[in-house]
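See below for the structure under consideration.
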Amino acid sequence: MCGIVGVVGQIIAAHERAFKTLLILDALRGLDSTGIAAIGRHVDPRVVKQVGNPYDLMEMGVFNKVMNQFNRALIGHNRFGTQGLVTKKNAHPFEFDKVIGVHNGTLENKWELVNGNNFAVDSEALYSGINNDGIEKTITRARGAWSLVWWDKEEETMNFLRNKERPMWMAYAKKDHAMFFASESWMIEIATSRNEVDIHDPFPTTVNQLYKIPVNEKGEMADFELVEVKGAPEILKYQGGHQGNHPFVQAQQKSGRTSGDSSSKNDRVVPITAAKHNPLNYYIGSKKVCLEGLSGGVDKYGGKYIVCHDDKVPEANVRLYINKKDKPQSFINKKIVADIGKFHWDGTSGYFKVEYSSVKFQTEEESPDYADKQGNMLTKSQWQEKYPYCCWCSSALNPDDNFRFPYQGGSDVLCNVCADDSEVEKYLIG
């Protein structure tokens, strides 16, 4: 669960204070990361984000700098990480050439989006698609949960879209030309009341309706335009009858495999996509499959897993559930060999479960090609063991990417994102 808050229009000081209050209240929906997008009236949009709670973000000089400029829109996001590590890079908002956006929800099929596997976070993959192909073409490929808010740089519009799985509320100021929005209506009521901004009653946005609001450089809002935009059709479900009569089970019986409990149970939900002629039936029980760990996830029961990709069966949704003692970053971007176990249906989506006991990492002969801070040459695995995380944002380090040793801070290392951040440079590199 994540949260979205913001304000758009002719923003004044009281609105800015209400926005900060909203961002603090919204931390109830996620404490992993906090970020904002500031859409200025006469300057380019700015994104400021950081691992941690809103107070951590508000202490940054760059946050106060963008808040002190004249803005026509402020978009805030509080992240509860599900896919991808908790790092500054994976925090929202995500900015591309044409759009800056935030996402509350989780996609079930990131890999089905165009270039989806190039991103650790489903939200970033989604906005990459919106940037390149537009919202309608991108969202028709998506399945899962979403409430989306983004700024279109070319059209100069604020955009809101959600499906039935996630909320979004709006409220217009009574006297001022501004509109507040948040994932929960009470947040708007408290934040505005506390900062003496009178508003009309909050109202929920309509499911599958794109709200497009033109906002000019003065912060003047035109009436919003409504366009129906729906996601990919839900996977059909087979309900009722003896599970053993379902074509998925029949196919497994013919192949000598079973998919789990075959006891009689009325209204058992089973994915029709696993029907008799689906080649994925024969994926169950596969041995020594080469997989790549893409991103971390958390199911509705709190179980942690790694989303895996198989080049030979890219359409398969594969999960590797890990133990509490395991670190997700130990599996992400790593090649593993493992056996495929049973097919599971969790009520909303289906996935193939990796047999944890069968997991082995692929190893290659390594040479000492990577220098540490003292100039000693190490192998890649030795280097990553010595410098596992960025000392500023805690993201996992890869010596093949750009990085930087700060002049201060002992043996710490900065990732390429933080090394280029002037705010970080002020504290660690000077």
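When segment 20-37 is filtered for residues that are hydrophobic (A, V, I, L, M, F, W, C) and surrounded by 24 or more Cβ atoms within 10 Å (Cβ to Cβ), the ones remaining, listed by number, are LEU22, LEU23, ILE36, ALA37.
Scanning segment 104-119 for residues that are out of contact with any Lys or Arg (no Cβ under 9 Å at 6 or more places or on another chain) and in contact (Cβ under 8 Å) with a residue 60 or more places away in the chain, we see that the one that is nearest to GLY52 (Cα to Cα) is THR106. Across segment 297-308, the qualifying residues are those that are assigned to a strand (DSSP E or B) and either over 15 Å from GLU355 (Cα atoms) or in the same structural domain as PRO399 (by TED's automatic domain parsing) (or both), and the one among them that is farthest from the chain's Cα centre (by Cα) is VAL298. Every condition in (1) surrounded by 15 or more Cβ atoms within 10 Å (Cβ to Cβ); (2) in contact with a strand residue (DSSP E or B) (Cβ under 7 Å, 6 or more places away or on another chain) holds for VAL313 except the one numbered (2). Residues in segment 38-66 that are touching a residue at least 40 places away in the same chain (Cβ under 8 Å) and buried (at least 20 other Cβ atoms within 10 Å of the Cβ) were compared, and the one that is farthest from THR82 (Cα to Cα) is ILE39. Only one entry of ASN317, ASN333, ASN323 meets the criterion of being farther than 27 Å from ASN416 by Cβ, under 20 Å from the mean Cα position of the chain (by Cα) and polar (S, T, N, Q), and that entry is ASN317. Just to verify a result, which residue in segment 219-235, among those that are loosely packed, with under 12 Cβ neighbours inside 10 Å and charged (D, E, K, R), is modelled with the highest pLDDT? Looking at the filtered set, the residue picked out is GLU228. Mind checking whether some residue in segment 191-207 is part of a helix (DSSP H, G or I), within 25 Å of the chain's Cα centre (by Cα) and either touching a residue at least 40 places away in the same chain (Cβ under 8 Å) or not assigned by TED's automatic domain parsing to the domain that holds VAL313 (or both)? No, segment 191-207 contains no residue that is part of a helix (DSSP H, G or I), within 25 Å of the chain's Cα centre (by Cα) and either touching a residue at least 40 places away in the same chain (Cβ under 8 Å) or not assigned by TED's automatic domain parsing to the domain that holds VAL313 (or both).
Taking the condition without any contact (Cβ under 8 Å) to a residue 60 or more places away in the chain and in contact with a helix residue (DSSP H, G or I) (Cβ under 6 Å, 6 or more places away or on another chain), does LEU126 pass? For LEU126, the condition - without any contact (Cβ under 8 Å) to a residue 60 or more places away in the chain and in contact with a helix residue (DSSP H, G or I) (Cβ under 6 Å, 6 or more places away or on another chain) - is not met. Within segment 72-127, being basic (Lys, Arg), more than 19 Å from PRO328 (Cα to Cα) and assigned to a loop (DSSP other than H, G, I, E, B) holds for one residue alone: LYS98.
The values are calculated or read from the model by the stated rules, or taken from the named source; none is laboratory data. Note that the coordinates shown come from a computational prediction; the quantities given were computed from them, not determined experimentally. Virtual Cβ from ideal backbone geometry, glycine too; neighbours counted across all protein chains shown.
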